[in-house]
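Student: Following this message is one structure expressed as structure tokens.
Values quoted throughout were computed directly from the atomic coordinates according to the rules given, and no laboratory measurement underlies them. Because the structure is predicted, anything quoted here is derived from the model rather than measured. FYI the Cβ positions are ideal-geometry reconstructions off the backbone, even for glycines, and counts take in every protein chain you see.
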Amino acid sequence: MKEKEMELKEKKEAKPAAGEGTRPGPVFIPAVDILEDPTGITILADMPGVDGKNVDIDLRDNQLTIIGRIDPAEGEKEVSLHREFQWGDFFRQFTLSEVIDQNKITAKMDEGVLRLILPKVEKMKPQKIKVSAG
Amino acid sequence: MAIVRWQPGESSEFDRLRQEMDRLTNLLSWGTEPFFSRVYPALNMTEEGDNFLVRAELPGVKAEDLDISVVEGRLVIRGERKIGAEGKDTNYHRKEREAGFFRRTITLPTKVAADKVSAVMRNGILTVTLPKSEETKPRRIAVKSA
């Protein structure tokens, strides 16, 4: 297999209405992977600069909200010479179609990547249905 | 339109336009590099006292998968972003995150002390600290009275 070279993708800014707007500065939409297996849904979100303690996850009805707040990376005395990307918080919302077991949700931040595990409610797990020949 | 003799130094419309063009040219170029290089990862460069600081957003990239070097006045950042395989019962609803190799270079404004360059990964942000070389630092020259 040929080595895959990464391409630069510009950070997508969240629409002002979507963000909470309590802090100045831009708000970006994190890139996500959403995976599903029989036990639950896993969301992986790239939120560089966000510490674990600055992540808010909110699940209300079936609306999932992810907010990541960054700590300022640049010191106050630093003078900008060259800028290709903006610093900003992260915000993304999803509507979940599955019933999630709210008490078993786990979230972990590792190297700027959020791993959010949303286990399905036990009774929602798929059951094999036997088809009998008539 | 009236034809007016151009007099340098006088704040004419032409001077203002030329200044604006100079400003734009400076904004769009950093040495020989374009403002946006379109190469992953995007970089920011700042200056603080005797150091240049270069930062990149590299979520999920491990320190051991990065290779950073200073070659002839340029900073070279190479590495690989790996995304681990999930179980075989897993199906994807969305896949926006990418994995792969990257190699990026950026020209430094002045000479740096290559042996004192350090790099840190924290929460998916790479910070490279490049101390300016001794010879580029301003030197105060004492004036003796004869």
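Student: Within segment A:56-92, can you find the residues that are touching a Lys or Arg at 6+ places or on another chain (Cβ under 8 Å), at the interface with another protein chain (Cβ under 10 Å from one of its Cβ atoms) and surrounded by 15 or more Cβ atoms within 10 Å (Cβ to Cβ)?
Tutor: Correct list: A:ALA73, A:GLU74, A:PHE85.
Student: Within segment B:108-146, restricting attention to residues that are part of a loop (DSSP other than H, G, I, E, B) and of a type in the set (Lys, Arg), which residue is farthest from B:ALA42 (Cα to Cα)?
Tutor: Ranking the qualifying residues of segment B:108-146, first place goes to B:LYS144.
Student: Might you check whether a residue that is among the aliphatic types (A, V, I, L, M), assigned to a loop (DSSP other than H, G, I, E, B) and under 21 Å from B:ARG94 (Cβ atoms) occurs anywhere in segment A:34-52? Write out each step before concluding.
Tutor: Initially, segment A:34-52 is screened for residues among the aliphatic types (A, V, I, L, M), giving A:34-35, A:41, A:43-45, A:47, A:50.
From the residues that got through so far, the ones that are assigned to a loop (DSSP other than H, G, I, E, B) too are A:47.
Those still in the list that are under 21 Å from B:ARG94 (Cβ atoms) too: A:47.
Yes - at least one qualifying residue is present in segment A:34-52.
Student: Anything in segment A:96-116 that is under 16 Å from the mean Cα position of the chain (by Cα) and more than 12 Å from chain B (Cβ to nearest Cβ)? List them, or say none.
Tutor: Within segment A:96-116, A:ILE105, A:THR106, A:ALA107, A:LYS108, A:LEU116 qualify.
Student: Among the residues of segment B:57-77 satisfying the criterion of being charged (D, E, K, R) and assigned to a strand (DSSP E or B), which is surrounded by the most Cβ atoms within 10 Å (Cβ to Cβ)? Write out each step before concluding.
Tutor: Going residue by residue through segment B:57-77, those that are charged (D, E, K, R) are B:57, B:62, B:64-65, B:67, B:72, B:74.
Checking which are assigned to a strand (DSSP E or B) leaves us with B:57, B:67, B:74.
On the way: B:GLU57: 23, B:ASP67: 11, B:ARG74: 13.
Only one residue fits best here, namely B:GLU57.
Student: Is at least one residue of segment A:84-91 of a type outside the set (S, T, N, Q), without any contact (Cβ under 8 Å) to a residue 12 or more places away in the chain and on the phi < 0 side of the Ramachandran plot?
Tutor: yes
Student: Which ones in segment A:37-51 are surrounded by fewer than 19 Cβ atoms within 10 Å (Cβ to Cβ) and at the interface with another protein chain (Cβ under 7 Å from one of its Cβ atoms)?
Tutor: A:ASP37, A:PRO38, A:ASP51
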